Each structure stands twice: as C-alpha cells, then as structure tokens.
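Down below is the structure, laid out as structure tokens.
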Amino acid sequence: MRHWLSRLRSYVIWDPLIWFYTVVLGALSLLSSIFDGSGRIQHGFARFWSWMILRTIGARVTVEGLDKIDTSTAHVYVVNHLSAVDIPVLYVHLPFSFRILAKRELFRYPFMGWHLKRSGQIPVDLENPKKSIRSLNRAVEVLKNNMPLVIFPEGGRSANGELLPFMGGAFFAAIKAQVKVVPMVLVGTWETLKMNSFHIQPHPMRLVVAEPIPTTGLTVRDTEALTNQVRRLIAGMYDSLRAEEREGESPQLRIKNATSGTGGVEKH
C-alpha cells in the first residue's frame, strides 16, 4: 500500500509540479537571455529551478570536501551520473557559475534544450568525432576564460547504479587548458530517481569532493592515463560510500583511503 501511495504522490503531485517549474522558469530564462548574454541570469534561473525541485521532493543532501577547492578559478569538475536528480543537486550545491558539457540530444528538448543553448552550455556529439573535437575546443576556450566546467565523463546516466566507463573528453579539455580536475562523487541520487522512471523516492544524497588533480605539464598524450586515474579514484570513493551507507556507518566518516593518491599523473 505504501509503495502505491508513493507512486501516486510522484505521478499526481511531484512530477506535474516539476514540469510546471520547468516550463515557467525555462520560459523566463529564455526571456532573460535577451538582456544578458553572459549566462549569469540564466544560471540563476537554473539554480532556482533546481532548488524548487529539491524542496518539493524533500531532498536531503550532504556536501563534503568542497571547502578544499579554490572556486575563484576555473577547474574541470567531473562527477558520476546516476539520475536526472544529479543536475539539480549540482546546481544548488556548487556555489559558483559553471557550464555543462552535455549530450547534443538534450538540446533538442523544448524549454530545457532552449535554455541549454541560450545559457552557453556546450553540446557534444558522441557519435561524430569531428564535431566532438570542435565542442572540446570550445570547452577549452570556456576554461581559459575562467569559467568552470561540470562534466559527466560516463556520457550518460547509469541504468543500474554502477559506474560506467569514462570517456576522455573532460580530461582532454583540462589538459589543453592546463587546469585542475576536481573529482566528485554522487551517492543516493539513483535510489531517489532511477533511469526511465517517474517514480521519485526520496533518499539521503551525498556529494563528496576529492582533492584536485593538477594537469600542469601534461600533454594530450597523457589523456588516457589521467582518465584512468580519475575513474579509479571515483570508483573507489563510490564503492566506499555505498558500502558505508549499507553498513549504516556515520555519514561523518571520511573516506581517506579512497581519496588518497590524488597527486600528479605519471607522464608517458
């Protein structure tokens, strides 16, 4: 009975409200782009949209490690992708403007796609290498203009809550721009809203930020090594956090072993 009440709450109340927020705030964001070409106002609308969603579903989010990051300078923030809830969590809890490197097909959706395009987000075509390189070069320019990038290196959401292989685009851009890579891990968003589902089941969520990894002196030949290093790090953190959650350990426990060894990349 409780399960069906939960579904009814999602389908009848929460989902329609989220669509309403998306349409109204998406339209206002588009109008604001006429007066602001910097994307600052649109980012504010996206953040308010995200806050409304998290408040509606009663989301509880714990953020750890962000105080270690110098947010006054541009970095490439790479994070695992579990759920449609990931983006609202990031917009609310990352206290700076950023741009997202997102799949091109997202730009085709009404309102959301229009907002993505007008707010300066960067589309990437995963099936066309030539267009992909063009997008990555644009991402490099964004970083050189001191605008942070947030990238899901898996290229899409996980259907089963497990980490997918990483693509090298985020790390190529970081090396080309000579900026640090900041690994981040999301836990609990998959349990909140699984892929291809409209049933929202609030679950405690965590965003854990690891030490930045410098790219100074690296070349594009080091992209694969950096990609593998960051994936190992994120996988270790993710596994530790999930195990901690299953065992019911205190959420204040740090994952020192998983976040160690985040220094430079050995050049090849």
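The values are calculated or read from the model by the stated rules, or taken from the named source; none is laboratory data. Please read these numbers as outputs of a predicted model, since none were measured by experiment. We place every Cβ from the backbone using ideal geometry, glycine too, and count neighbours over all the protein chains shown.
Within the stretch 116-154, the set of residues being surrounded by fewer than 20 Cβ atoms within 10 Å (Cβ to Cβ), modelled with pLDDT under 90 and under 26 Å from Thr192 (Cβ atoms) comprises Leu126 only.
The residue of the stretch 211-236 that is nearest to Gly161 (Cα to Cα), among those that are without any contact (Cβ under 8 Å) to a residue 40 or more places away in the chain and surrounded by 15 or more Cβ atoms within 10 Å (Cβ to Cβ), is Gly236.
Please find, among Arg157, Arg206, Arg232, the residue that is at pLDDT 95 or above, within 22 Å of Arg60 (Cα to Cα) and not small (Gly, Ala, Ser).
Values: Arg157 fails: at pLDDT 95 or above; Arg232 fails: within 22 Å of Arg60 (Cα to Cα).
Arg206 is the lone residue from the list that is at pLDDT 95 or above, within 22 Å of Arg60 (Cα to Cα) and not small (Gly, Ala, Ser).
I'd like to check something: does the stretch 73-95 contain any residue that is over 16 Å from the mean Cα position of the chain (by Cα) and of a type in the set (D, E, K, R)? Step through it out loud before you land on a result.
Kept after step one, since they are over 16 Å from the mean Cα position of the chain (by Cα), are these residues of the stretch 73-95: 73.
Going one step further and asking which of them are of a type in the set (D, E, K, R), we end up with none.
Looking for residues that are over 16 Å from the mean Cα position of the chain (by Cα) and of a type in the set (D, E, K, R), one finds none in the stretch 73-95, hence no.
To keep it simple, each residue is scored yes or no on (1) assigned to a helix (DSSP H, G or I); (2) not β-branched (Val, Ile, Thr).
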{"residue": "Phe171", "(1), (2)": "yes, yes"}
{"residue": "Pro183", "(1), (2)": "no, yes"}
{"residue": "Ile200", "(1), (2)": "no, no"}
{"residue": "Ala225", "(1), (2)": "yes, yes"}
{"residue": "Met237", "(1), (2)": "yes, yes"}
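Checked against (1) within 25 Å of Arg232 (Cα to Cα); (2) in contact with a Lys or Arg (Cβ under 9 Å, 6 or more places away or on another chain); (3) assigned to a loop (DSSP other than H, G, I, E, B), Met167 passes all but condition (2).
Taking the stretch 1-115 as the region of interest, the helices (runs of 4 or more DSSP H) fully inside it that hold 2 or more residues being in contact with a helix residue (DSSP H, G or I) (Cβ under 7 Å, 6 or more places away or on another chain) and either surrounded by fewer than 17 Cβ atoms within 10 Å (Cβ to Cβ) or of a type outside the set (S, T, N, Q) (or both) are 15-32, 40-56, 86-93. Being assigned to a loop (DSSP other than H, G, I, E, B), within 24 Å of Ser240 (Cα to Cα) and of a type in the set (Asp, Glu) holds for only one residue in Glu191, Glu211, and it is Glu211.
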